[in-house]
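Just below is one structure, and these are the notes that go with it.
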Protein chains: 2
Amino acid sequence: MKKSIQSTAELARHLGLSRWSVSRAINGQGGVSAGTTAQVRAAMEEYGFTPSPHGRALRGHRTGAIGICFRELDTPITIQKVAHIQRLLSRRGFRPLFEFTELDQRMGTDVIRHFISMRVEGVLLVDTPPGPEVNEWQRMLKQHGIPAASVEPVGPITQNSVHLDREEAMARVTAHLAALGHRRFALAGISPEYPLGRVRHNGVMRALAAAKISTAPEILSLPNVRPAGLRYGRQLAELLLARSRQPTAILAINDEVAAGVLWRLQRAGLNCPGDFSLFGFDNLALSEQTTPALSTVDHNVEVVAAAAVDLLGQLIELGPNAKLPVVKIEPHLIVRESIAAPPR
Amino acid sequence: MKKSIQSTAELARHLGLSRWSVSRAINGQGGVSAGTTAQVRAAMEEYGFTPSPHGRALRGHRTGAIGICFRELDTPITIQKVAHIQRLLSRRGFRPLFEFTELDQRMGTDVIRHFISMRVEGVLLVDTPPGPEVNEWQRMLKQHGIPAASVEPVGPITQNSVHLDREEAMARVTAHLAALGHRRFALAGISPEYPLGRVRHNGVMRALAAAKISTAPEILSLPNVRPAGLRYGRQLAELLLARSRQPTAILAINDEVAAGVLWRLQRAGLNCPGDFSLFGFDNLALSEQTTPALSTVDHNVEVVAAAAVDLLGQLIELGPNAKLPVVKIEPHLIVRESIAAPPR
DNA sequence: CTGAAAGCGCTTACAG
DNA sequence: CTGAAAGCGCTTACAG
């Protein structure tokens with residue numbers, strides 16, 4: 001079995017070089033002959049040797065680590081973000097250091113401290129919470145010279161941030177349906193009381209105004225129930241069935257709720273899209289698998305992730321005091337079978 | 001603004017102590033007065049100071065890091081595992097270092113190298129791949145004195161491993177239905193051709209033999225299609241509808257496939273559980289939200305995660321050469337509305 | 001281009 | 001109980 005190599009010193013001894021030449025070859029900073037560099041690189045590959053991140057970090061060299069802080073890993077979209085960010089960072093030679101705060105403010109502060117002590121080169125706050133703790137985190141990071149970017153912040157963040165343009169998404173959905181002739185809209189679970197709901201509601205109102213539709217959309221929601229899941233959709237559909245006059249276009253907070261609405265209304269004998277048109281949100285696998293297939297809004301997660309990694313890259317170059325404008329990502333409408341002109 | 005403290009030396013200066021006393025107080029190894037220890041602890045809390053992991057690691061002290069290697073983050077179950085493992089490890093004072101291999105063998109080897117260079121104290125291989133690369137990973141880790149445990153390995157692993165007892169789960173499901181009088185079974189997407197499918201198939205066969213049922217279960221599957229999703233379930237249901245004689249009990253590979261089967265058969269006018277009984281697997285949120293609510297098998301993820309963290313803890317104490325027996329976790333049957341006696 | 005020193009933050013010996 | 005040295009693996013100055 002091949003002897004394993006554990007340090008630059010061992011590698012140098014093995015190659016008959018000085019430790020310093022080896023270090024220079026690894027870091028490619030010049031001051032060493034091309035032949036030596038090639039020899040060192042080859043040996044690293046052969047023995048699977050990577051210089052100790054601890055040694056490098058201590059000496060003040062860049063650690064190559066990026067702290068990624070998530071609130072929760074509870075939606076497929078967040079998970080897709082993780083996957084893309086991981087891939088994009090490693091392509092740039094960074095190592096992601098994932099941590100989860102589980103909505104706990106104190107855990108969040110611990111996570112930031114850990115990032116600082118690990119000397120990460122930058123931090124990505126994904127699904128950044130809306131509360132004031134974020135300001136404290138940013139202050140801590142800035143004090144240590146570590147740049148941070150927000151991805152999909154829930155609260156209002158005015159710089160160094162990337163998010164899907166939800167307002168635009170809803171405006172487009174609404175405009176699409178208005179152009180088909182729809183005049184009576186219902187919002188299933190999209191309530192202006194939640195921060196992200198407000199943004200989406202604004203988009204609907206903007207498009208209705210532009211289409212000169214004065215009938216306000218009907219807002220369906222249940223107090224004190226988390227607006228998620230098939231069952232929630234079914235419950236909202238029941239609210240709708242109790243109405244004397246039905247809306248012809250239903251915009252759901254997400255695909256699962258949309259599927260629940262669909263299921264319940266179909267059971268009541270209504271036809272989609274004959275009697276009503278339906279839009280989901282998120283473009284989950286589920287949306288493609290209902291009958292009729294759901295129209296929905298894709299998050300463009302790949303683009304969001306790329307923009308976030310890009311933004312952080314710029315901040316790392318510019319330093320922790322840089323302030324870059326908010327990046328809004330274009331939503332992508334997916335029109336499937338659940339959409340048609342309203343019934344006459 | 002309070003001055004921030006960055007090293008044990010600064011902390012010592014600030015408290016008028018020697019750096020060494022501070023280090024001893026932090027590590028609680030004795031050789032320092034209780035008063036000094038308390039004073040140091042209080043100051044750490046006040047300034048939010050944590051000693052540099054890089055410094056500790058370099059000096060040979062334990063790093064407190066545990067490498068967690070995942071294949072993919074594609075199922076809710078895997079994600080629940082991540083969450084529980086993270087919580088349990090931090091409760092023990094460890095820091096999880098998450099990495100994803102994305103089914104790529106070379107990426108996997110890189111991940112293991114990274115763990116080694118980070119001097120993790122142990123490694124958890126979650127959803128361990130079935131291929132030979134795992135042996136290589138284990139060899140690399142052992143060579144560096146790092147213990148590793150497998151969680152839910154897909155291939156056969158005979159030691160230091162924790163997994164749900166899938167065979168037992170299917171045996172219980174089958175026995176439950178047999179006791180209700182069912183004699184004709186169908187397996188939706190559970191095929192003995194896949195490693196985990198074989199294990200589950202064995203469980204069914206064992207229970208059928210015990211119930212003296214000689215009619216072999218009908219295996220529904222589609223070649224070259226990944227057995228997942230509502231649509232797959234609907235397609236399997238169509239195979240079933242084409243049969244002249246229908247089974248009365250359907251066991252699905254997971255809840256999504258079960259929901260697809262349910263949807264399609266209901267559409268064809270069949271009644272669940274009047275005409276057929278249906279079992280899912282995974283206990284996803286979805287299973288509770290169909291009508292009728294699906295019976296299913298819960299993974300006991302919390303217990304799996306606890307057993308895994310426990311096993312790794314033991315291995316860390318015993319050293320990397322220890323061999324502990326495989327831990328099988330009891331499945332938990334969730335019986336809901338989709339189960340009844342077969343039609344007469 | 002190459003060699004040797006200094007020092008990052010820490011802990012583990014070893015003296016007192 | 002406390003002090004001071006040595007050294008983990010590395011890179012960045014500084015000499016040659």
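The values are calculated or read from the model by the stated rules, or taken from the named source; none is laboratory data. Fair warning: this is a prediction, and the values are worked out from it, not measured in the lab. For neighbour counting, all protein chains shown are included, and Cβ atoms are generated from backbone atoms with ideal geometry for every residue, glycine included.
If I filter segment B:44-57 for residues that are over 23 Å from A:E136 (Cα atoms) and among the basic types (K, R), do I get at least one hit?
Taking every residue of segment B:44-57 in turn, at least one turns out to be over 23 Å from A:E136 (Cα atoms) and among the basic types (K, R).
Name the helices (runs of 4 or more DSSP H) wholly within segment B:1-85 that hold at least 3 residues that are within 21 Å of A:V111 (Cβ to Cβ)?
Hits in segment B:1-85: B:34-47, B:53-58.
Looking at (1) at pLDDT 85 or above; (2) at the interface with chain A (Cβ under 10 Å from one of its Cβ atoms), which is the one condition that is false for B:I85?
(2)
Yes or no, residue by residue, for (1) away from DNA strand C (no atom under 12 Å from the Cβ); (2) modelled with pLDDT of 85 or more:
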{"position": "B:E46", "(1), (2)": "yes, no"}
{"position": "B:H54", "(1), (2)": "no, yes"}
{"position": "B:R62", "(1), (2)": "no, no"}
{"position": "B:F70", "(1), (2)": "yes, yes"}
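Take the residues in segment A:98-124 that are among the hydrophobic types (A, V, I, L, M, F, W, C) and in a loop (DSSP other than H, G, I, E, B); name whichever of them is nearest to the other protein chains (Cβ to nearest Cβ).
Result: A:M118.
Could you tell me which residue of segment A:162-185 is surrounded by the fewest Cβ atoms within 10 Å (Cβ to Cβ), considering only residues that are in contact (Cβ under 8 Å) with a residue 40 or more places away in the chain and out of contact with any Pro (no Cβ under 8 Å at 6 or more places or on another chain)?
A:H176
Being touching a helix residue (DSSP H, G or I) at 6+ places or on another chain (Cβ under 6 Å), in a loop (DSSP other than H, G, I, E, B) and at pLDDT below 95, is that true of even one residue in segment B:228-240?
yes
Somewhere in segment B:90-102, is a residue polar (S, T, N, Q), more than 10 Å from DNA strand C (Cβ to nearest atom), within 30 Å of B:A307 (Cβ to Cβ) and without any contact (Cβ under 8 Å) to a residue 12 or more places away in the chain?
Yes, the conditions are met somewhere in segment B:90-102.
Would you pick out the residues in segment B:106-119 that are away from DNA strand D (no atom under 16 Å from the Cβ) and farther than 18 Å from A:E46 by Cβ?
Selection gives B:M107, B:G108, B:V111.
In segment A:125-144, is there at least one residue being assigned to a loop (DSSP other than H, G, I, E, B) and either within 13 Å of another protein chain (Cβ to nearest Cβ) or within 16 Å of DNA strand D (Cβ to nearest atom) (or both)?
yes
I need the full set of residues from segment B:145-154 which are crowded, with 21+ Cβ neighbours inside 10 Å, of a type in the set (V, I, T) and more than 14 Å from every other protein chain (Cβ to nearest Cβ), in order please.
Of everything in segment B:145-154, just one residue is crowded, with 21+ Cβ neighbours inside 10 Å, of a type in the set (V, I, T) and more than 14 Å from every other protein chain (Cβ to nearest Cβ), namely B:V151.
Out of everything in segment B:25-35 that is surrounded by 19 or more Cβ atoms within 10 Å (Cβ to Cβ) and near DNA strand D (Cβ under 9 Å from one of its atoms), what residue ends up being modelled with the highest pLDDT?
Filtering first and then ranking leaves B:A25.
Counting only residues that are over 30 Å from B:Q6 (Cβ atoms) and in contact with a Ser or Thr (Cβ under 9 Å, 6 or more places away or on another chain), which one in segment A:40-63 is nearest to the other protein chains (Cβ to nearest Cβ)?
Applying the filter and picking the extreme gives A:G48.
Within segment A:36-59, is even one residue touching a residue at least 12 places away in the same chain (Cβ under 8 Å), away from DNA strand D (no atom under 14 Å from the Cβ) and buried (at least 17 other Cβ atoms within 10 Å of the Cβ)?
Among the residues of segment A:36-59, at least one is touching a residue at least 12 places away in the same chain (Cβ under 8 Å), away from DNA strand D (no atom under 14 Å from the Cβ) and buried (at least 17 other Cβ atoms within 10 Å of the Cβ), which makes the answer yes.
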